[in-house]
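The values are calculated or read from the model by the stated rules, or taken from the named source; none is laboratory data. Treat the numbers as computed from the prediction; the structure is a model and nothing was measured. Positions of Cβ are generated from backbone atoms using ideal geometry, with glycine treated the same way; all protein chains shown enter the neighbour counts. Ligands, DNA and RNA are stripped out before the accessible areas are found, and what is left, the full protein with its side chains, is counted by its heavy atoms. Shrake-Rupley method; radii C 1.70, N 1.55, O 1.52, S 1.80 Å.
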Amino acid sequence: MSLEYVLEKFPIEARLKDGTKVIIRPLKKGDAATLQKFFFAVPEPERLFIERPVTDKKFFADTCAKLDFNQNLTLVMAHGAKMIGWINLHQRQGGWRRHIGRITLLTHPNYRGRDVSRLLLEEIVTAARYLGLWKLEAELNGGRTIALRSLVMTSVGAWIFGSSPSRYLLLRPSVSIFRMVREGSGTVASIILS
């Protein structure tokens, strides 16, 4: 399937667990200031995946000005004018790992535990299937238990979790993983798309 097919369904109206109305849509050119404000709100240890400091306005302006959804499909969740969730699907364009996508996910601290992560994950996993990816990887720090729970609760496949490549656990949505995740400082999760 094509990227155009994936993008034509957006924007999507959704409701959080508490009934809050939100919009899920792709990142757009005018989002630089809102995106930077969102990243400022995210705790610093969770910003490990950002290439440059959040104080660098040029980074956010360049990110929004040079959107390439073939390489980085970025979806955001908005509550009114406020960005409350961000997910990025990085797709390799060639090589032996081109069928593997990498997910980065962040949620505004005031909206955690309200299904932001789950809703964004469901949309990005669906998009990944349409784009022909076979496997997705996500890396989160060990303290992101709500986001990790969202990975487990998405009914899109079986996630593989481990705090290092030598320690993986294949999970079905009903399996609890939190004891193992808290042992390490980071967690790698993979999903095999069927």
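Details
- Candidates 111, 130, filtered to the one that is of a type in the set (Phe, Trp, Tyr) and buried (at least 17 other Cβ atoms within 10 Å of the Cβ): 111
- In the range 69-98, the residue that is farthest from residue 24 (Cα to Cα) out of those that are part of a loop (DSSP other than H, G, I, E, B) and open to solvent by less than 50 Å² (accessible area, probe 1.4 Å) is 95.
- Test result for residue 112, under 21 Å from residue 37 (Cα atoms) and more than 9 Å from the chain's Cα centre (by Cα): yes
- Residues that are β-branched (Val, Ile, Thr) and within 12 Å of the chain's Cα centre (by Cα), drawn from the range 115-127: 116, 124, 125
- Number of the exception - residue 31 against (1) of a type outside the set (A, V, I, L, M); (2) touching a Cys at 6+ places or on another chain (Cβ under 6 Å); (3) open to solvent by 30 Å² or more (accessible area, probe 1.4 Å): (3)
- When the residues of the range 38-55 are filtered to those that are exposed (fewer than 14 other Cβ atoms within 10 Å of the Cβ) and part of a loop (DSSP other than H, G, I, E, B), the one that is modelled with the highest pLDDT is 43.
- Residue match in the range 56-68 (condition: touching a strand residue (DSSP E or B) at 6+ places or on another chain (Cβ under 8 Å) and surrounded by 14 or more Cβ atoms within 10 Å (Cβ to Cβ)): yes
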